Amino acid sequence: MTESRNISRLVRKNILEMKPYSSARDEFSGSASVFLDANENPFNSPLNRYPDPHQVRLKQRIAELRGLRVEQVFLGNGSDEGIDVLFRVLCEPGRDHVITVDPTYGMYAVCAEINGVERRSVLLNSDFSLDPEAVLAAVDEHTRLIFLCSPNNPTSNSYDRASVLKILDGVDCMVVVDEAYIDFSRDPGFLSLLNETTNLVVLQTLSKAWGLAGIRLGMLFAHPQLVEYLSRVKYPYNVNELTIKAAIEALDDTARTKKWVNQILNERSSMAKQLESLAFVRQVFASDANFLLIRVDDPAALYQFLMNRGIIIRDRSRVPLCEGCLRITIGSREENTELIKALKNFQS
Ligand SMILES: *Cc1c(COP(=O)(O)O)cnc(C)c1O
């Protein structure tokens, strides 16, 4: 898809026709020193003021960091908001549908259900690789979104680049590549294609590598025209002042994030080796993320055993293609050591 006018073609009629909410601060752009326009309280500065509805300063910082233009950036209350707003802008309930490639992140299915939008599920191959032909075969004129999570949660692998490109080139709808774990991967990701590809949406987040799951900041990168439609639909003040402030501070310290990522990657390889040496562990899947997926003889018993010792992991054994599988986040050295110590006492 190359022409930008195609984006409006994918947008729901009510969104094309709506008049967006205009806040007091939207109507005045200039500098002023007396603010009597928004019914704010004059006391308790600075949190008495509504935050910037367009998050301009934060977007500038993020655009700079990612080598993009501000108009290509949409910010939300976590990636989850970006996902939900995509549904609300693009998918007409009862008519349109989305495609997920399973097993994958659960929010795509939840948002589809909440929005009353059909979801077609295509399975990964049994080695967790992407089957582009199977995805393309599920596409028709009412497909609006295809979700590709790479590196994928819970399978921990990145998808083959050529397979993703084949899907991007083969469809007119939006292809969402969720890169929540990209900082832990050797894969460069797909942001570099954004300037030449109209139907690509890339999701990233401060929740993982940046260590800021608590502030809720998700980044969505897309064609400026799509970003504009998404911005119409979001709540006016969807990113709060405390989050904006914390995010700007964190983004100024990229060295700290790099250091954390390196530590987590070192722990990941050490954990993989230690897990492989346990008799009841049948497989440790190669990971491009900050977690490991392992296949064990008796996942339910192991999950319960750890739970009884105050160690919580994620049971993924009832997920398609993940029979016998558990997902383990890479923690601090101390947490990881405690897990391995407990596992050595498990008799399957
Ligand atoms: C953790 C995760 C996210 C992050 O979501 P936030 O709402 O930004 O915290 C997004 N996508 C996937 C696949 C994840 O696993």
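The values are calculated or read from the model by the stated rules, or taken from the named source; none is laboratory data. Not measured: the values here are computed from a predicted model. Methodologically, a virtual Cβ is constructed for each residue, glycine included, from the backbone with ideal geometry; neighbour enumeration extends over all protein chains shown. These area figures cover heavy atoms from the full protein model, side chains too; ligands, DNA and RNA do not enter into them. Shrake-Rupley method; radii C 1.70, N 1.55, O 1.52, S 1.80 Å.
Brief remarks on what is shown
- Placed amide H near residue 291: partners under 5 Å, 5+ positions off or other chain: 330
- Sorted largest first, the principal axis extents computed over the alpha-carbon atoms of the stretch 264-316 equal 28, 21, 18 Å.
- GNM result for the chain, Cα springs below 10 Å: residue of 46, 320, 224 fluctuating most strongly: 46
- ³J(HN,Hα), Karplus 6.51/-1.76/1.60, whole Hz, each residue of the stretch 62-79, x for Gly, Pro: 5, 4, 4, 5, 9, x, 10, 8, 4, 5, 8, 10, 10, 10, x, 6, x, 4
- Per residue, in Å², the accessible surface of the chain once ligands and nucleic acids are set aside, probe 1.4 Å: 48 Å²
- Computed over the stretch 107-159, the alpha-carbon pair-distance distribution with 10 angstrom bins reads 20, 52, 27, 1, each value a whole percent.
- Within the accessible area of the chain (1.4 Å probe), percent carbon and sulfur: 49 percent
- Taking the C-alpha atoms only, the angle from helix 241-251 to the longest principal axis of the chain is near 60 degrees.
- Mean Cβ count within 10 Å, highest first, over the residues of peptides 139-150, 47-58: 139-150, 47-58
- Hydrodynamic radius by Kirkwood, which averages 1/r over all alpha carbon pairs of the stretch 18-75, in angstrom: 13.6 Å
- When all protein chains stay in place and ligands, DNA and RNA are ignored, the 1.4 Å accessible-area order of 26, 288, largest first, is 26, 288.
- Solvent-accessible area of residue 21, all protein chains in place: 150 Å² (probe radius 1.4 Å, heavy atoms, ligands and nucleic acids excluded).
- For the options 114, 248, 294, a Gaussian network treatment of the chain with springs between C-alpha atoms closer than 10 Å singles out 114 as fluctuating the most.
- Convex hull volume per residue for the stretch 146-204, taking Cα atoms only, in Å³: 75 Å³
- Degrees, to the nearest 10: 299-308 long Cα axis against longest axis of the chain: 80 degrees
- Aspartates and glutamates whose Cα lies under 14 Å from that of residue 234, excluding same-chain neighbours fewer than 8 positions away: 52, 80, 81, 84
- Accessible surface ranking for 259, 13, 1.4 angstrom probe, highest first: 13, 259.
- Among the listed pairs 13/245; 245/341; 19/208; 59/259, those beyond 28 Å (Cα-Cα): 13/245; 245/341; 19/208
- Reach of residue 344 by Cα under 18 Å, taken over lysines that are not fewer than 8 positions away in the same chain: 273
- With a cut-off of 15 Å between beta carbons, the residues surrounding residue 15 carry a summed charge of +4, where Lys and Arg count +1 and Asp and Glu -1.
- Annotation: residue 245 carries an accessible surface of approximately 120 Å², with a 1.4 Å probe and no ligand, DNA or RNA atoms counted.
- Taking all pairs of distinct alpha-carbon atoms in the chain, Kirkwood radius in angstrom: 21.8 Å
- Listed as lacking a disulfide-compatible partner in the chain: 91, 111, 149, 173, by the criterion of no other cysteine Cβ under 4.7 Å.
- About the Cα centre, charge dipole magnitude for the chain (Lys/Arg +1, Asp/Glu -1 at Cβ), debye: 620 debye
- Kirkwood Rh, Cα atoms: Rg over Rh of the stretch 255-347: 0.96
- Only protein heavy atoms count here; under a 1.4 Å probe, residue 90 has an accessible surface of about 0 Å².
- Of 35, 291, 74, the one that fluctuates the most in a GNM where the chain has Cα springs shorter than 10 Å: 35
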